[in-house]
Amino acid sequence: MVVSKFNINGVIKDGKELNYTDLKVLTQQFINKNNHFPVQSECIMSNNLPQTRIINKILKDNKITFNDFCNYFGKVKHVRTESKDFDLYLKKYKSKCNELGRALKLSELVNNSFGLPSGKWFIDNCPDDIKSYDEFIEWCGFKSNKLKKDKNFVIEKLIELQNKLHREIIVSDINESNLGFSMIAVTRIFGGLGKAKEEIGLINSQRIINKSQTFSELKNDLKIILLSIKEKEGRNQIILKDISQTKYVEYPSCATRYKNQFEKHNEDFYKFVESYGLKFATNGNGNCFKFDDGEFTKSFLEYKLSCYLKNELGLIYNQDYFRDVRYDTFSDTDRKINCDYLIKHNGKQYYVEISGMIKPCYKDKWKETDFKSHTKNEYRDNMILKERLFKDNNCSYFIWFSDDIHNEVYREIFKKSCNQ
């Protein structure tokens, strides 16, 4: 009879000797080597992994579900359970809700990292006659998650948001984390964001675009925008969104209108921009930039954040903030993964990850979203792992999406955190 032997960081054990700590080490060794969590067919001795039967026994002896074991490594899976587990998962569900201070949303239970089954499972297995997830929430003793916001509340929040942003509100600003409601509420009450702006009297570029403005006035506004970006923000690369969402002129216009007006008057829009010492970032190495201090940014998002740290906060690269910081310098992970920024400011330190691959429309549900792209799913799993490492090591951290950088939301977030 062949006895299975396993190498746990140089220590050889047979299958019967393995404990839960050994299992974690063996799994992590496999992930480090293969860059993915092992599937069932890969749990064989030639991969230095025990069979599924041994894994399940070790987990059962330690009262750990397979899903929780996957979650430990940042791997999100559906929880498959039997109805007899209802009380166990109900207790876990309530504990997580109490931790958050609210009931979990239905979308948060899809491919979740909490080790919980889906909302439908809770509805189907509830001992009482529950017909909807909202009824289940109330059955558990929590307040309903239904967003039926009244008009005055929505108006007040939109005005507060515009004053906070110092610019026109765009659709990606309207989300539950910013306002406590989504675009669904705005559309239900007003018929759309544009109509809401008209009724409330908010900045509305569509209305401003229709304002009669001479080409000379338009050029002067563009000149003010370009000089302000260069002098106040201290950068010489821009994207079209910088012009469309500017806060430096009374009547901001969209970049397309500027371009069209230049073309109509037989003038070169891009040469005009370059005449003020600015150039547009483009795909490829146009998005890369090397600063005089040696810092190298690989995207426009990084470039914009680094300019803010240098020029507005006065921080010094490799002294006050650092790039590509290894996670194994502050956690016990064996994964060779880097954090985008470590910022030290006002006696505090913050880790920052810029999630450029995940679109802003997923920012409230990125953890449970199953993307069509295998690369994006791996990226998501890595981000889940990174966030867990931040939390496990009590780190102050931010995960920012592209719209947080483009819309300069990060300024307010960072300023508020530093002043706490």
Which trypsin sites (Lys or Arg not before Pro) does region 1-77 hold that lie in a coil by DSSP with at most 14 other beta carbons within 10 Å?
Lys63
Would you mind estimating how fast region 289-418 diffuses translationally, via Stokes-Einstein at 4 °C and 1.567 mPa s with the Kirkwood radius over Cα pairs, in µm²/s?
84 µm²/s
Label-point gap, in nm, between Asp85 and Asn266 - each point 7 angstrom along Cα→Cβ
7.5 nm
At a Förster distance of 45 Å, what's the computed FRET efficiency of Ile200 paired with Asp129, Cβ-Cβ distance as r, to 0.05?
0.55
For the pair Asn236 and Gln51, what calculated FRET efficiency results from E = 1/(1 + (r/R0)^6), where r is the Cβ-Cβ distance and R0 = 51 Å, to the nearest 0.05?
0.30
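Given an 8 Å cut-off on Cα distances and at least 6 residues of separation, report the relative contact order of the chain as a percent.
Result for the chain is 11 percent.
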Relative to the chain, whose Cα atoms define the longest principal axis, helix 215-232 and its Cα axis are tilted in degrees, nearest 10, by 50 degrees
Rounded to the nearest 5, what % of DSSP beta bridges with both residues in region 296-420 are antiparallel?
60 percent
In deg cm²/dmol, rounded to 500, what helix-only [θ] at 222 nm does the chain give when every DSSP H run of at least 4 residues adds -39500 (n - 2.57) and the total is split over its residues?
-12500 deg cm²/dmol
What per residue convex hull volume, in Å³, do the alpha-carbon atoms of region 214-280 yield?
73 Å³
Determine, from the Cβ-Cβ distance of Phe371 and Lys223 and an R0 of 60 Å, the FRET efficiency 1/(1 + (r/R0)^6), rounded to the nearest 0.05.
0.90
Treat each spin label as a single point 7 Å out from the Cα along the C-beta direction, and report the Tyr317 to Lys143 distance in nm.
4.7 nm
With Cα coordinates, the longest principal axis of the chain makes an angle with the long axis of helix 374-392, in degrees rounded to 10, of 80 degrees
Would you mind listing how long the chain runs along its three principal axes, going by Cα atoms, in whole Å with the largest first?
89, 57, 41
Neighbour net charge for Ile343 - beta-carbon separation under 14 angstrom, K R +1, D E -1
-1
By the C-alpha gyration tensor axes a ≥ b ≥ c (rounded if a/c is under 1.5, else prolate when a/b exceeds b/c, else oblate), the shape of region 151-203 is rounded
With charges set only on the Cβ (+1 for Lys and Arg, -1 for Asp and Glu), what does the dipole of region 5-64 come to about its Cα centre, in debye to the nearest 20?
120 debye
Pulled fully out, how much extra length does the chain show between Gln213 and Asp68, if you take 0.36 nm times their separation in residues and subtract their Cα-Cα distance?
46.1 nm
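Based on Cβ point charges of +1 for Lys and Arg and -1 for Asp and Glu, what charge dipole magnitude is obtained for the chain about its Cα centre, in debye rounded to the nearest 20? Write out the running numbers ahead of the final one.
Details: 69 positive and 58 negative charges, 64 e Å.
Roughly 300 debye, rounded to the nearest 20.
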Could you sort out which of Lys344/Lys415; Lys232/Lys279; Lys24/Lys365; Lys105/Lys365; Lys247/Lys304; Lys391/Lys416 sit more than 18 Å apart by Cα distance in this structure?
Lys24/Lys365; Lys391/Lys416
Say each of Asp14 and Tyr362 gets a label point 7 Å from the Cα, pointing the same way as Cα to Cβ; how far apart are those two points in nm?
4.7 nm
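Bear in mind that the values in this text are calculations on the coordinates, not laboratory data. The structure displayed is predicted, hence computed values, not measured ones. Cβ coordinates were reconstructed from backbone atoms using ideal geometry, including for glycine residues, and neighbour counts include every protein chain displayed.
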